[in-house]
Amino acid sequence: MARATAGRRRGGGRAGAAARRGDAALAQMPWSIPVNIDRPIEPLSPEGVEAIHDGAMRILEEIGIVFLNPEALEIFKEAGCRVEGDLVRMDREFVMEMVGKAPDSFDITPRNPERRIPIGGNHILFGNVSSPPNYWDMELNKKVAGTQEQCRNLLKLTQYFNCIHFAGGYPVEPVDIHASVRHLDVLYDKLTLTDKVMHAYSLGKERVEDVMEMVRIAGGLSHEEFETRPHMYTNINSTSPLKHDFPMIDGCLRLVRKGQAVVVTPFTLAGAMAPVTMSGAVAQSLAESLCAIALFQYVRPGTPCAIGTFTSNVDMKSGAPAFGTPEYMRATQMTGQMARYYGLPMRSSGVCAANVPDGQAMWETSNSLWAAVQSGTNMVYHAAGWLEGGLIASPEKFIMDCEVLQQIQRYLQPQICATGPEEIALDAIREVGNDGHFFGLKHTQDRYTDAFYQPFLSDWRNYEAWEAAGAVWTPERAHKIYKDILADFEAPPMDDAIREELGDFVARRKTEGGAPTDF
C-alpha cells in the first residue's frame, strides 16, 4: 500500500520513499508521523491512580532517593528539600509544582528539518535498537561483540526505514573502538549516515558536550540557535532501587541548561529491583522518574522532559529479565495512565527476551509494541532489532520488526475506519446484489492498489507455491532484504563544508584524548 512515485527520494537511498521493487530494495510506506487514533487502555480506576500516585509520593517523602551527584544535592538543598548525606526527601507539593512546569508536548528538530518529530499528544514514534554490546546475523549464526561496521550497517537500516523516526543510542556498541573516542566516531557515523533526531549518552561531561557540539555543527547552527529549541535528547536510567548516579544526572543538567530534551526511564524489574507486585513496581518507577524531572524543572522551568517506563518482571526460576509478558503490558498501560495524570509525554519499548529472531522474538516484541499503542506511548525505544533482553542487536530482527511497525502505522490510519458514502459502498453492494463478486467492480478497481496493507516481508503464498519458490523462512527473507538495503543505500546529503568541520572536530577531540577512561 501507499506506494510513492519513483521520483521522490527515499531517506537514505536512490529510489522513492516507497518505490516499486526493482527501483529499491523494498516497497515501504512513506515517511509520516503516526497519530494514535485509539483511546488508551486504562486499567486503573480513579482510586487506583490515586493509590499509585500516593505510593510514589510517599516513597519520595518518607524513604527518599539517593543522588550520587554533589551538584544535584546542592540544588535540592537550595530548593528546600531534606538532604541527609546523599539521600534526598522531598514533599509532594514541591514535586507536583516542578513537574507541572514541564510541557506536555515538544518538538525535536534534527539537521534535516523535514525529520522534525513531535513528542507528546497523540503521536507515537518509533526508534531503533539501542546499546546492545553484541551482534547476531544469519551469516555469522553466532553472538559476537559489536563492531563499527555492524554499527554502521544498523544505522543504514535506521535511516532507510521510514517507520523509524529517531536514532537512539548506538544500535550496537562498537567495542572495536576504544571507549575514550567511541562516541566521536559513532556520532560522526550517525550524523553522516542519518538525518534523523540524535541521542547522547549521559556518560561523563566530555561525551555530552562533544555530542551537543557535533549536533550543532551538523545542523549548521550558531550556539544561540542550538539553545533556542531541542535538537537532540538523552535518555537516562535510574539505578534501581531508588538511586540516581553521578554521570547521568550530570549529563542531563548539561543538556537541560542548553535547552535539550531529557527522557527519564527507570529500569525496574519486578521481583528483583522493584516489588514483585506490578503496582508497587510502577509506583517505585514513578518516584524515581519524577524526582529527577522535578530537579530539571527547578534548574530550567519548562525544559522538555518525558517519563519513561521499563517496568517488567524477572523469571522467578532463573532471575533472568522477561519482556513482552502480560505483566509488562499491564505495567506499560498503567504507566501511560499515570503519565497522562502528570501531564508528561511517555516513552516505552519494543522488547523481547528471545535470543534469535524466531517466533518467541516476534510474539514478545509484538506484545511490547501493542502495549505501547494501548498505553498512549509517544516514544517507542528499541522498536526494531532488539534481542536477548537488550544484549544482542540483529539486522534480521530489525527487518522483521519494521514489518510489524508498518502494520501498526497502517492500523492507525483513520481511512480504514472512514464511513462516508464511498466507504459504505451501497452502490457497489447494489451492483453486485445477491450473486457475483466484487473483484471486477469499478469500485474495487479504483481502490485495489492501496485498499489493504501490502507487506514487504510476509509471504502469503500457499504452501506448495512457497515450497516451489525455495521454502524460504522469514529470517532468511529478512536477511536478503537487509543485504539489498545495504547495496541500495545512499547517505542523506550533507554540505561539504559542514562534513569537513565535523571531521575536523572529531580529529581535534581525538588528539585531546576524547573522554577519560580507566583503561
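Descriptive notes on the structure:
- Of all residues in region 56-87, exactly one satisfies the criterion of being surrounded by fewer than 20 Cβ atoms within 10 Å (Cβ to Cβ), small (Gly, Ala, Ser) and in contact (Cβ under 8 Å) with a residue 40 or more places away in the chain, namely 79.
- Matching residues, region 328-354, being closer than 24 Å to residue 400 by Cβ and either in contact with a Cys (Cβ under 9 Å, 6 or more places away or on another chain) or without any contact (Cβ under 8 Å) to a residue 60 or more places away in the chain (or both): 328, 329, 332, 348, 349, 351, 352, 353, 354
- Counted residues, region 373-431 - those being among the hydrophobic types (A, V, I, L, M, F, W, C) and touching a residue at least 60 places away in the same chain (Cβ under 8 Å): 18
- Breaking point among (1) under 18 Å from residue 482 (Cβ atoms); (2) crowded, with 18+ Cβ neighbours inside 10 Å, for residue 90: (1)
- Residue that is most open to solvent (accessible area, probe 1.4 Å) [pool: residues in region 414-435 that are among the polar types (S, T, N, Q) and in a loop (DSSP other than H, G, I, E, B)]: 434
- Residue check for residue 474: open to solvent by 40 Å² or more (accessible area, probe 1.4 Å) and within 29 Å of residue 379 (Cβ to Cβ): yes
- One residue alone among 453, 463 is surrounded by 10 or more Cβ atoms within 10 Å (Cβ to Cβ), on the phi < 0 side of the Ramachandran plot and of a type in the set (Ser, Thr, Tyr), and that residue is 453.
- The set of residues in region 299-341 being open to solvent by 60 Å² or more (accessible area, probe 1.4 Å) and modelled with pLDDT of 95 or more consists of 300, 301, 326, 327, 330, 340, 341.
- Among the conditions (1) open to solvent by less than 10 Å² (accessible area, probe 1.4 Å); (2) part of a loop (DSSP other than H, G, I, E, B), the only one that residue 398 does not satisfy is (2).
The values are calculated or read from the model by the stated rules, or taken from the named source; none is laboratory data. Please read these numbers as outputs of a predicted model, since none were measured by experiment. Here Cβ is always computed from backbone atoms with ideal geometry, including for glycine, and neighbour counts include all displayed protein chains. To get the accessible areas, we keep the full protein, side chains included, count just its heavy atoms, and leave off ligands, DNA and RNA. Shrake-Rupley method; radii C 1.70, N 1.55, O 1.52, S 1.80 Å.
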